[in-house]
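Novice: Before anything else, here's the structure in question.
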Amino acid sequence: MSAILPDVEIEPYAAWNARPWGTPAFRIADIRGCGQADILFVQSAGTHANDAFDPRVNTPGRRTYQTGAEDQDLFCLTLLDASGKLLWRQGQPWSLDRPYSWNGNWERCFEVADISGDGIPEVLIIHRGELRIYSGATGQLIRSRMLPHTGFYSMNIVKTGRTPHYEIFTKSVTNSLTHSYGNPTILLDADLNIVWELDDVPGAGHMGYAGDIDGDGFDELLIGFSLYDHDGSLLWQHQPFSESDHLDNAVMEDLEGQGEWTIALAHDGHDAVIHNVDGGERCRIDMDHCQTVQAARLFDHLPGKQLVFNDKAEGSGLRETVVVDPRGNELSRYQAPGYTSMVNWPTEHGPTSLICMVRPPPRDGRHGVYWMDPTGRVLADLAVRHDFSSHIDALNDIPQNHWAYHGATLTVAVGDIDGDGQDEVLATDRDTVWAFKKPAV
C-alpha cells in the first residue's frame, strides 16, 4: 500500500523568519525550568563536525559526505519562547551565503535534564569532541570536557547508582581517526569525571540506549547489539549480521506497561530484530535496510504502544514502513513518503503519526510534512515549503542524495508550546518555522 496525498491542507497559525539561526535540529521543552515550553535551536554540522570527514567542499568527483572547515566549526544555540522572542544565545549563527552541512538525529543532538539536582535544567551538547553543560535558565557555560575524539554526538541521562546524581552515557556515533566504528562508550558523572569506559563493542553503531529493564532502580545500557548492566558488566551480546552491520536505531521500552520490556533493533542493511530482555530473539521484521524504529500508541483498540520500523531505501527511493505489536505481529505495511516522527494527534480513527519527508528527495521532487494514520492513509498535508528546486540548483556540485545535508529538507518538532494541553507541530526548512495546531475532527 502506498501513501496517497489528500486534498486537505492544514494552514499554520504562525510563521517565524528563522534566518540566520535556522536549523533542522531543534526541540520543544521546558529549557529554563519555569514550567512552560520554549524552543531550542542548535546550529552545528552534527556528525559532520568530525576530523574523520574531509573538510573540502565540492571536491570534483568526490561522492562522499561533503562538509567544510567552516561547517565543522559552526556552533550556535538559540532559545526562543512560544512567541518567537529570543531569550538567549550562545555562539554565532551561520553567516555564509551557502547553506551549511549538517547530519545527525535532530531528536538526539542534545539533552535537557537537571543532572546536578538543583532544580534547574541544564542543556548538554557535544561539539567537536567537547561535552558542554549550559544553564538552561541563562545559557551560560557551566563546565566542559574533551572526549576521546570528534565522533561523539549524542548522549543519554541515566541512573546507574555509581554516583549520587544522574550520569551521562555517551558514545561515538560514527567513524573516527582513532577508534573502530561507534567506539568507545563512556559513562561520566555530573561533574564530567569518567566512571567507566568501554571500547571495541561489535556493531556499536550510532547511539546508545538505556532503561531500567530489571526494575532495580538503575538503568541498563544498550551499546550496539550488546546489553550491559548498570555497573558496566555484560549481560548479553549478539554478533552483527555482516562485517559492516551496526546498530542504526533502537527502542528499549515496556510497551504495554506490564513489566515486560521489548528491545527492538534496526540493523544497518538488514532486517529488524525484536529481543526479549534476556537477549533471546522474539522475532524478525522482514525489511530491506531497517533505518529507524519508534514506539507510539497508534491504535486505540490495542493495549499500550506499537513499534514502527522504516526502511532506508536510498537506492530505489521507496521507503517501506511496517507497524507491529510488541509480539511482532504485523499490523500494517505501506510505502511511506519519508521518515516517521510520532505525534499524538487523535482523530476518529485513533492516534496517528506525522510523516516528515527527508532524504533522499522524493522522485516527484515534492517535499512535505504529512499527517497520516497508522495504515499509511494521509489525512492532511501541512502547508510548508514543497519546492526546493532553486535551493538544489544552487547545490549542483553536491551529489543528489546529499542535498538534504545542505538544507534541502524539512524537519519537525512536537510539543505544547502555548500551554493549552494540546501538542503543536513545528516544521522548518531552516529559513522559516511554521507552527500548526491540531485541526478539529
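The values are calculated or read from the model by the stated rules, or taken from the named source; none is laboratory data. All of these numbers come straight from a predicted model, not from anything done at the bench. Cβ coordinates were reconstructed from backbone atoms using ideal geometry, including for glycine residues, and neighbour counts include every protein chain displayed. These accessible areas exclude ligands, DNA and RNA; they are computed on the full protein's heavy atoms, side chains included. Shrake-Rupley method; radii C 1.70, N 1.55, O 1.52, S 1.80 Å.
Novice: Can you give the FRET efficiency for E256 and R19, using 1/(1 + (r/R0)^6), R0 = 45 Å, r = Cβ-Cβ distance, to the nearest 0.05?
Specialist: With a Förster radius of 45 Å, E is 0.50.
Novice: Here is a follow-up. Quick check: Cα centre of region 228-243 to Cα centre of region 144-192, how many Å?
Specialist: 17 Å
Novice: Right, next: Accessible area of the chain with a 1.4 Å probe: how many percent of it is carbon plus sulfur?
Specialist: Values: 8020 of 17170 Å².
The computed percentage sits at 47.
Novice: With charges only on Cβ, +1 for K and R and -1 for D and E, what is the dipole size of the chain about its Cα centre, in debye, rounded to 20?
Specialist: Working: 33 positive and 64 negative charges, 255 e Å.
In debye, rounded to 20, the chain gives about 1220.
Novice: Counting Lys and Arg as +1 and Asp and Glu as -1, what is the net charge of the other residues whose Cβ lies under 12 Å from the Cβ of I285?
Specialist: It works out to a net charge of -4.
Novice: So, in nm, how far is label H386 from label E11 when the simple model puts each one 7 Å beyond its Cα toward the Cβ?
Specialist: Rounded to a tenth, the inter-label distance reads 1.6 nm.
Novice: Sticking with this one: Just how many pairs of Lys in the chain have C-alpha atoms closer than 30 Å, counting pairs that are eight or more places apart or on different chains?
Specialist: Number of lysine pairs found: 10.
Novice: Quickly estimate the mean residue ellipticity at 222 nm for the chain, helices only: each DSSP H run with n ≥ 4 gives -39500 (n - 2.57), and the total goes over all residues, rounded to 500.
Specialist: -500 deg cm²/dmol
Novice: Between E330 and K85, take the C-beta separation as r, use R0 = 60 Å, and let me know the FRET efficiency to the nearest 0.05.
Specialist: Efficiency, from the Cβ-Cβ distance: 0.80.
Novice: With a probe of 1.4 Å, find how much accessible area region 160-220 has per residue, and write the answer as a whole number in Å². All intermediate terms of the calculation are to be shown ahead of the outcome.
Specialist: Working: 2290 Å² over 61 residues.
In whole numbers, region 160-220 has 38 Å² accessible per residue.
Novice: If I take R0 = 56 Å and measure r between the Cβ atoms of S233 and I120 in this structure, what FRET efficiency does the formula 1/(1 + (r/R0)^6) give, to the nearest 0.05?
Specialist: My answer for the efficiency is 0.95.
Novice: So how far apart, in nm, are the two label points at D212 and Q92 if each is 7 Å from Cα heading toward Cβ?
Specialist: 4.6 nm
Novice: Grab the Cα-Cα distance for A69 and N344, subtract it from 0.36 nm times how many residues apart they are, and report the gain in nm with one decimal.
Specialist: Values: separation 275, 0.36 × 275 = 99.00 nm, distance 3.99 nm.
Extra length available between A69 and N344 comes to 95.0 nm.
Novice: Still on this structure, I have one more. With labels modelled as points extended 7 Å from the Cα through the Cβ direction, what inter-label distance (nm, one decimal) is found for I194 paired with D54?
Specialist: Simple spin-label model gives 3.2 nm for this pair.
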